[in-house]
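Single-structure report; data block below.
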Amino acid sequence: MAKTLKQRLAEQIPALREERAALMRDHRDKVISQVTVEQAIGGMRGVKGMVCDTSVVEPDTGLVIRNIPIKDLTEAMPEEIFWLLLTGEKPTKEELAGFQKELKKAGKVPDYVWKVLKAMPKTSHPMVMLDTAILAMENESLFRKRYDKGMPKQDYWDPMLDDAIRILGTIHTIAAGVYRIRYKKGALIKPSPKLDWGADYCRMLGIDNPKLKKGEKFNKEDVYAMMRLYLVLHSDHEGGNVSANTCHTVGSALSDAYYAVSAGLNGLAGPLHGLANQECLGWILETMKKFNGAPTEKQLEDYAWETLKSGKVVPGYGHAVLRITDPRFDAFRAFGHKYMPNDPVFLTVDRVFNVVPKVLKEHGKAKDPWPNVDAGSGALLYYYGLKEFQYYTVLFSVSRAMGMLAQLVINRALGTPITRPKSVSTEWLKKQVLKV
Ligand code: CMX
């Protein structure tokens, strides 16, 4: 019989708790990682100091969600991915339909959120608007209401899941509203009772109904497919990246999901993290402007060197963990080759891929010279008429909310304690290295 997500999780949680309790009982003192001075100073790269079961990212494989490589999930619906992240299983057809209904039921955005958004400065960054809206919606938190009444610890995950579903049910509508308010696209478009999460997001953005020029063709299903792919590919990237780790830390203080997700998204808004997709398309368009159209590989090589010599990073390239071409970039590239092979922006992205890894290797600094997820996604959005690239990290956020929320629910189910690593002073470090 088809189960709800909450029923399925409720069945799984006792065994997960027992597994964690057994690890703590039988192996609590075993050493799993060491920390060097370089790691302590250098952003804790590679330090194994937290547990995350939703997905794993290894340098030579890239994102694997619950043992399934991301390349094998490119046809999945984003809603299926959330279920998979949480439970480790794909929902049945009936379960998926039931969950989609649940999301729709949770989909009313409170009027006060629209008022807040409309009152914000006309020049606000779309990420500031999204993060503010999520935080403003904290008033809806069932976790906080039940916590304030005195909820036992073993129940925390239950209203955390309700909050997660409420956030996922509304975030695409809010994000579409941010786009329409910020870029004066006209009246807000209400959610449809019929469309799935990704397709409805496109519709509410207003990008599934473009004004076509004579001779241009447009297929709604293609833009829906692009959006579903986008939402699947960005959904999670294990626990240590800035957004997931921030969300985890804030949630560990028992701040509810609205506080935690908004905080995580503030981290995603950094140019070294999710904002790289905005920067990346900006970089591509700069080259096209400079060279009057899709540049040659030689021109791109010169431009990449010019960027590096001016002390900037080439956005969309490099990664803190990966040491291969990001399989998420491969998936976007395959989509581009299928749907827009002759588009000049996509062609430039493709040419950059032929050139930049070689340049970065020669430059000799970046440990990973290969493209990450942000290198190609913008070209697809641009092609389908979403040209305001300051908005791109909002799309990343709608997707990444799934991973952050799944991690929050699991952590509350397992009673993960408040995060509190130990910092040391430079003085301590200097004394310590003399001893070793
Ligand atoms: N262009 C130029 N220099 C780069 C580079 C790039 N794309 N990637 C890394 N480097 C440089 C670093 O800035 C660093 O220089 P310094 O020693 O002067 O500080 C050096 O190479 C070593 O860095 P690293 O160990 O290879 O990379 P980090 O783990 O420190 O940083 C990342 C990873 C992603 C921040 C970095 O590769 C970068 O800035 N890339 C461009 C921005 C980007 O695409 N970010 C998106 C990542 C994916 C995401 O989170 O969405």
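Derivation of every value follows stated rules applied to the coordinates shown; laboratory data play no part. Model, not experiment: these values are computed from the prediction. Note: ideal-geometry Cβ built from the backbone for every residue, glycine included; neighbour counts use all protein chains shown.
Is region 83-173 rounded, prolate or oblate when judged by the Cα gyration tensor, a ≥ b ≥ c being the square roots of its eigenvalues, rounded requiring a/c under 1.5 and prolate requiring a/b larger than b/c? Since a/c reaches 1.5 but b/c is at least a/b, the shape of region 83-173 is classed as oblate. Anyone know which of Gly43, Gly385, Gly316 comes out most mobile in the 10 Å Cα GNM of the chain? Highest fluctuation of the listed residues: Gly43. When the Cα atoms of the chain are aligned to their principal axes, the ranges along those axes come out at 64, 63, 43 Å in descending order.
Report the paramagnetic label zone for Arg45: residues of region 57-83 whose backbone N is under 17 Å from a point 7 Å from Cα along the Cα-to-Cβ axis. Counting only backbone N, you get 57-62. Sorted largest first, the principal axis extents computed over the alpha-carbon atoms of region 53-121 equal 46, 34, 21 Å. Sparsely packed loop sites in region 36-134 (the GluC sites (Glu not before Pro) outside DSSP H, G, I, E and B with at most 11 other Cβ atoms within 10 Å) comprise Glu75. Fully extending the segment from Lys309 to Leu254 would add 15.3 nm, taking 0.36 nm per residue of separation and subtracting the current Cα-Cα distance. Length gained on full extension, Thr61 to Arg17: 12.9 nm, using 0.36 nm per residue less the C-alpha separation. Our helix-only sum for the chain, with -39,500 (n - 2.57) per DSSP H run of n ≥ 4 divided by its residues, gives a mean residue ellipticity at 222 nm of -18500 deg cm²/dmol. Shape class of region 124-212 from the Cα gyration tensor (axes a ≥ b ≥ c, square roots of the eigenvalues): prolate, since a/c reaches 1.5 or more and a/b is larger than b/c. The overall shape of region 276-383 is oblate: from the C-alpha gyration tensor, with semi-axes ordered a ≥ b ≥ c, the ratio a/c is 1.5 or greater and a/b is no larger than b/c.
Placing +1 on each Lys and Arg Cβ and -1 on each Asp and Glu Cβ, with no other charges, gives region 79-184 a dipole about its Cα centre of roughly 640 debye. With a Cα cut-off of under 14 Å and a minimum spacing of 8 residues unless on different chains, the lysine pairs in region 276-383 number 5.
On the beta carbon distance between Asn139 and Lys190, with R0 = 22 Å, the FRET formula returns roughly 0.55.
Along the axis of the charge dipole computed for region 166-275 (Cβ charges of +1 for Lys and Arg, -1 for Asp and Glu, origin at the Cα centre), the listed residues Tyr201, Gly267, Asn241 are led at the positive end by Tyr201. Counting only lysines at least 8 places from Lys93 when in the same chain, those with an alpha carbon closer than 19 Å to its own are Lys3, Lys6, Lys101, Lys104, Lys105, Lys194.
In loop segments of region 23-132 as defined by DSSP, the trypsin sites (Lys or Arg not before Pro) with at most 16 further C-beta atoms inside 10 Å of their C-beta are Arg28, Lys30, Arg45, Lys48, Lys108, Lys122. Given a Förster distance of 60 angstrom, what is the FRET efficiency for Leu212 paired with Lys431, based on the Cβ-Cβ distance and rounded to 0.05? Efficiency, rounded to the nearest 0.05: 0.30.
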